[in-house]
Amino acid sequence: MTHASTLSGPFARPGRAFVVAVLASLALVGCGGQDGPGPGAGAGKASTPSSADRAAFAAMLDEVTRPCPPPGTAPAAPKPTGAQRQQSLAPGETPPTGPIEPGAPSGPETVLDARDWCASVQHEQRIVEALQAVANPTPANVRRTLNGLGYIDERIHGLEQDGRTTRFRLDLREGGGRLCEVGTAAGEATEVTACVAPATGAFTVEETGDQPS
């Protein structure tokens, strides 16, 4: 009757070390590795702005609105309607023969104060100029471009790709203002226009001007 011999002495240690190494390797594979990507990695979610980012955003808003009137000034002039349209006819142009029904002024310029309306022009100019240079305006590229201009993630909303374009909204409210912007990033055809948001509370678009196509 024979018995299996048991290794002892210096020959036993390498065998035990090998088993331990194999078990450790299997454990790392099962867990994905300590430094490996976890669930949802690479999802591209918007980052939470730091206090420094928010301070830089506030400074950017101050710089953009530097040429604008102080907060609380009267709303921008409404669009001409009714008799105002008749008075603005060009020389030699025949006025309509039927009665002119005055229409109710509408649009962001009748709601936003003069500061916000001025700021909208400043924001639109810099955003359009930057996005026109983006050859592939995907949501990720649009977000990156807006971040580069100083707009933080928590103020960027509704990034949505539509064919070769990306739509977005910006919350630009400050100091009780109601300014927001809606835009379509489409290379040279990029458009951005002012909109109106609630003075307080969650961000929503209440009223827009001419919609970007």
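The values are calculated or read from the model by the stated rules, or taken from the named source; none is laboratory data. None of these values were measured; they are calculated from a predicted model. Cβ: placed from backbone, ideal geometry, glycine included. Neighbour counts: every protein chain shown. Only protein heavy atoms, including side chains, enter the accessible area calculation; ligands, DNA and RNA are left aside. Shrake-Rupley method; radii C 1.70, N 1.55, O 1.52, S 1.80 Å.
Of the heavy-atom accessible surface of region 150-213 (probe 1.4 angstrom), what whole percent is carbon and sulfur?
43 percent
Which value, in Å² and to the nearest 10, is the accessible area of Cys195 when all protein chains are kept and the probe is 1.4 Å?
Surface open to solvent at Cys195 totals about 0 Å².
Tally Lys/Arg at +1 and Asp/Glu at -1 over every other residue whose Cβ is under 15 Å from the Cβ of Gln161; what's the total?
+3
Return the Cα extents of region 100-192 along principal axes one, two and three, sorted largest first, each rounded to a whole Å.
Largest first, region 100-192 extends 45, 35, 20 Å along its Cα principal axes.
Can you tally the net charge around Pro139? Count Lys and Arg as +1, Asp and Glu as -1, for every other residue whose Cβ sits under 11 Å from the Cβ of Pro139.
Here the charged neighbours net out to +1.
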